[in-house]
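What follows is one structure encoded as structure tokens, with my remarks underneath.
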Amino acid sequence: MSSNNERKEGVAGFMQRAKEQANRNVEHFAEGMAAGSMPEGKLFDIAQQISDKRLGELTVDSTTCGYCAVGCRFDVYTDGEEVLATRAADPEESPVNDISTCVKGKFSYNFANSDQRLTDPLVRDENGEWREATWEEALSRTVEGFRDIIDEYGNEAMSVIASSKATNEENYLMGKFARQVLGTNTVDNCNRLCHSSTVAGLAKTYGYGAASISVKDFEEADLIFLTGSNTTEAHPVLGTRVKQHVKEGGDLIVFDPRETQIAEYADQYTSIRPGYDTVWVNGLTRYIIENDLYDEEFVAERTEGFEEVKEAVDEFTLDYVEEVTGASPEEIVSAAEAIAEADRTVFGWTLGITEHSHGTDNVASLANLAAITGNVGKPGTGVSPFRGQNNVQGGGGDMGPLPDNFPGYQKVADDEIRAKFEEAWDCEIPAERGYYTTEMFNAFDDGELRGMFCIGENPSLSEPGKKHADEVLEEMEFLVVQDLFMNETAKYADVVLPAVSFLEKEGTFANTDRRVQKVNQVLEKKGNAKADWEILQELANRMGREWDYADTNEINEEMRSLTPIYGGISHERIEEEGGIQWPCWDEDHPGTERLYTEEFNTESGKANLTPVGYAEPMAPQTEELPLTLTTGRVLYQYHTGTMTHPEEGIMKYNDRDFVEINPDTAAAYGIENGDPVRIESDKGEIVVTAQVTERIGEDTVFAPIHFAETAVNTLTDSERLDPEAKTPEFKATAVRISPVEGQQSTSRPGSVEPARGDD
């Protein structure tokens with residue numbers, strides 16, 4: 001980098017000035033983050049708890065984190081009843097996080113011993129009231145309800161929502177249970193609401209719907225390009241790696257509607273309007289092609305469809321991109337030239353790219369950009385969609401609890417593949433795919449579905465169009481919920497089955513870079529709760545099957561015998577070697593650190609570049625709804641709050657939802673920081689507290705998703721779905737705002753620095 005006395009001009013100067021600011025910021029980040037993220041006295045309390053006990057009274061076990069999908073490994077200190085402390089495992093045993101853990105992974109375990117935990121099954125009595133039941137009664141009621149639906153309406157009237165919180169082994173059984181026991185392909189999971197458009201977009205361009213990289217590629221990259229990701233809050237340990245990359249001289253570019261914390265470390269941050277991502281990505285691609293900045297050798301030898309992409313991006317001129325997205329010509333040129341000049345670039349994104357009615361196109365356009373610049377298959381290059389749930393990569397995708405895929409992304413429609421599973425599972429399986437998650441709720445309206453088995457999910461809060469979701473849940477003929485808590489969905493159930501958390505079970509998770517790691521039991525099961533796989537086995541046997549798995553190792557052995565990409569990943573190997581990245585074809589295969597080093601997983605072995613055109617939100621801003629709402633996560637909460645709301649320290653930081661509003665927008669509406677604000681869409685309205693901040697653009701507002709009291713999905717729409725992946729449009733909802741007169745504030749914006757968070 002040039003000294004301060006050697007100021008660069010134009011684009012180079014733009015990059016230099018931004019990098020100098022980032023380096024100044026990163027020096028004091030670590031201590032500030034520690035002070036801000038640890039509830040006062042928490043560290044002292046933990047130290048005191050441990051010092052009050054003799055070392056021999058403590059148990060120390062290693063396991064894999066159950067929050068996001070970074071896949072941190074850590075040692076858990078317990079006294080047999082509760083988690084007293086955690087610390088990062090030996091760096092050799094924790095390749096993803098090294099010595100790091102985030103605030104939730106370090107502290108937020110009170111949920112495991114919460115007084116609100118379900119410890120016995122619940123059934124409704126003849127008056128519709130809840131009462132505790134024995135497992136015998138609850139399982140009998142469940143089987144009776146499933147059979148009644150099947151006998152009256154047929155197998156296809158049943159549906160299953162699987163759990164990305166559960167282990168690989170349990171999700172394998174959830175898919176098997178749907179197809180073998182219930183006889184339906186209508187099984188899906190939360191992947192549909194987040195990264196299913198990533199899976200669809202990458203699968204059709206590269207072959208695998210997953211990250212191509214290993215986490216250490218962040219260290220080897222010259223440039224990291226992030227979009228739609230609030231990395232420091234949604235994936236804090238990955239955020240630490242990105243900041244370290246900057247501190248050591250690497251470049252960082254961020255495109256996002258909000259100036260999230262990670263953007264403060266960037267060489268270039270570009271604010272863009274939500275919902276028009278294909279426009280600015282195609283603008284970058286056009287500039288690179290037009291100026292011969294693409295990797296001609298890579299394009300010629302390892303891709304097909306380049307000419308079609310070149311033609312498709314021709315309309316996305318610099319002026320047009322600025323008009324539609326707000327990204328200036330200087331910013332597009334700066335980013336395009338930085339990508340072209342870097343030898344090694346990693347492209348990372350999360351739900352800001354995928355949760356749109358055109359999310360698959362967004363991902364395909366980024367895949368095109370990475371491929372034409374030769375940034376795939378080499379150290380320090382590749383694509384990295386940061387997954388949200390701890391096991392959404394493995395349980396939600398790899399294990400095949402999906403309406404169109406068996407485990408390992410083997411297609412239900414493929415006659416040969418389907419015959420393999422029919423023989424292994426001794427059943428007939430329909431050739432047609434079942435309903436995707438949000439489609440399920442629409443299918444109940446039409447009478448196509450009648451019953452649901454919901455495992456470890458909370459669709460009352462997580463589904464788009466909360467009012468519609470609740471109406472469906474209330475009218476459902478038979479609903480069974482299997483979970484840790486009596487969540488909002490469980491309140492509509494006929495039977496509730498108590499499950500256990502990741503702290504109370506054994507198995508494996510697969511993290512965001514395809515790394516399969518061991519999960520070990522560190523606490524005794526709470527009350528009479530059971531592991532998901534144990535409940536599924538008991539139900540299957542009561543419905544005429546003969547499952548006799550002794551443990552999750554036996555389940556894994558069956559799964560990998562049917563799943564080529566997991567063929568060599570045994571529990572024994574993971575225990576001996578640590579995490580193994582798929583594909584791992586057999587016991588002698590080392591696993592795959594980086595995909596596409598020699599060829600893509602396509603029929604031709606080349607990347608299928610996919611022409612992508614203009615895309616916009618299905619319901620863009622109007623005169624009546626002049627603002628765009630985008631939603632996401634914040635550091636101190638997690639999804640619908642099941643695991644974080646019981647943590648007192650966490651709740652002191654963010655105890656309610658809020659809305660971020662640009663100062664100019666707030667002034668125009670007469671809104672001040674801390675005022676209650678009504679947000680209205682064409683689907684409903686909520687009231688939350690204003691956080692007035694320049695992080696958000698003038699025509700955009702942001703709200704988190706974590707609290708039932710305000711239920712942000714009251715505003716979103718279950719009909720606006722990506723045509724391929726069926727992902728809802730969570731990130732671009734047309735709304736209007738207004739101050740609420742005479743009403744008390746519903747949150748405390750001054751209790752913590754205004755949170756940032758679009759996952």
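Laboratory data are not the source of any read-out in this text; all were calculated from the coordinates shown. These numbers come from a predicted model, not from an experiment. Cβ atoms come from the backbone with ideal geometry, glycine included; neighbour counts cover every protein chain shown.
For this structure, a couple of remarks:
- A simple rule links phi to the HN-Hα coupling: the Karplus curve 6.51 cos²θ - 1.76 cosθ + 1.60 with θ = phi - 60°, which for segment 720-736 gives 8, 10, 4, x, 9, 8, 6, 6, x, 8, 6, 8, 8, 10, 6, 9, 10 Hz, with x for Gly and Pro.
- In this rough spin-label picture, where each label sits 7 Å from Cα along the Cβ direction, the E57-K420 distance is 5.4 nm.
- Angle of helix 135-153 to the longest C-alpha principal axis of the chain, folded into 0 to 90 degrees and rounded to 10: 80°.
- Förster radius 51 Å - calculated FRET efficiency between E297 and K467, Cβ distance, rounded to 0.05: 0.40
- Remark: the W585-T597 segment gains 2.7 nm on full extension, using 0.36 nm per residue and subtracting the alpha carbon distance.
- Within segment 673-709: backbone nitrogen closer than 17 Å to the A667 label point (7 Å, Cα to C-beta): 673-674, 691-700
- Taking every DSSP bridge with both residues inside the chain, close to 50 percent are antiparallel.
- Virtual paramagnetic centre 7 Å along Cα→Cβ of K378, amide N under 13 Å, in segment 218-259: 221-223
- As a rough footprinting exposure proxy, the listed residues W585, W349 were ranked by other beta carbons within 10 Å of their own, and the order from fewest upward is W585, W349.
- In this Cβ point-charge picture (+1 for Lys and Arg, -1 for Asp and Glu), segment 525-620 has a dipole of about 580 debye about its Cα centre.
- Charge dipole (segment 196-385, unit charges on Cβ, about Cα centre) - positive-most of I289, V324, T354: T354
- Over all pairs of different C-alpha atoms in the chain, the reciprocal of the mean inverse distance, the Kirkwood hydrodynamic radius, equals 26.3 Å.
- For the chain, the longest principal axis of the C-alpha atoms and the axis of helix 236-247 are separated by about 20°.
- Cross-link pairs K204/K518; K216/K525; K104/K411; K104/K176; K165/K526 - those with Cα-Cα distance over 26 Å: K204/K518; K216/K525; K104/K411; K104/K176
- Across K247/K505; K491/K530; K243/K683, pairs whose alpha-carbon gap is larger than 32 Å: K247/K505; K243/K683
- Within segment 256-278, backbone nitrogen closer than 20 Å to the virtual label 7 Å beyond the Cα of K247 toward Cβ: 261-268
- Here the spin labels are modelled as points 7 Å beyond Cα on the Cα-Cβ line, and at E307 and D79 they lie 7.4 nm apart.
- Selection among Y435, T101, N155 by position relative to the dipole of the chain gives T101 as farthest towards the positive end (Cβ unit charges, Cα centre).
- Tensor-based shape of segment 165-220 (alpha-carbon gyration tensor, a/c under 1.5 rounded, otherwise prolate or oblate): prolate
- Each of the peptides 106-119, 384-397, 597-610 was scored by the mean count of other Cβ atoms within 10 Å over its residues; in descending order, highest first, they stand as 384-397, 106-119, 597-610.
- Relative packing of peptides 651-659, 680-688 - highest average C-beta neighbours within 10 Å first: 651-659, 680-688
- Gyration tensor verdict on segment 556-618 (Cα atoms; rounded if a/c is under 1.5, prolate if a/b is larger than b/c, oblate otherwise): prolate
- For the chain, the longest principal axis of the alpha carbon atoms and the long axis of helix 532-542 meet at an angle near 40°.
- Lone cysteines, the chain (no partner Cβ under 4.7 Å): C68, C102, C190, C194, C427, C454, C584
- When the square roots of the Cα gyration tensor eigenvalues are ordered a ≥ b ≥ c, the ratio a/c for segment 471-538 is 1.5 or more and a/b exceeds b/c, which makes its shape prolate.
- Listed residue (T86, P611, F111) projecting farthest to the positive dipole end of the chain, Cβ model: T86
- Net +/- balance of residues flanking T438 in space, Cβ distance below 11 Å, scoring K and R +1, D and E -1: -4
- For peptides 622-630, 464-472, 438-446, sequence by mean Cβ density within 10 Å, most packed first: 464-472, 438-446, 622-630
- Where labels lie 7 Å past Cα in the beta-carbon direction, separation of E623 and K652 in nm: 5.2
- Average Cα contact separation per residue, the chain, under 8 Å, 6 or more apart, as relative contact order %: 19
- By other beta-carbon atoms within 10 Å, ranking I737, I161, I429 with the fewest at the front produces I429, I737, I161.
- Once the Cβ-Cβ distance of S328 and R87 is raised to the sixth power relative to R0 = 60 Å, the FRET efficiency obtained is 0.85.
- Stretching the chain fully between N528 and I99 yields a gain of 150.9 nm (0.36 nm per residue, less the alpha carbon separation).
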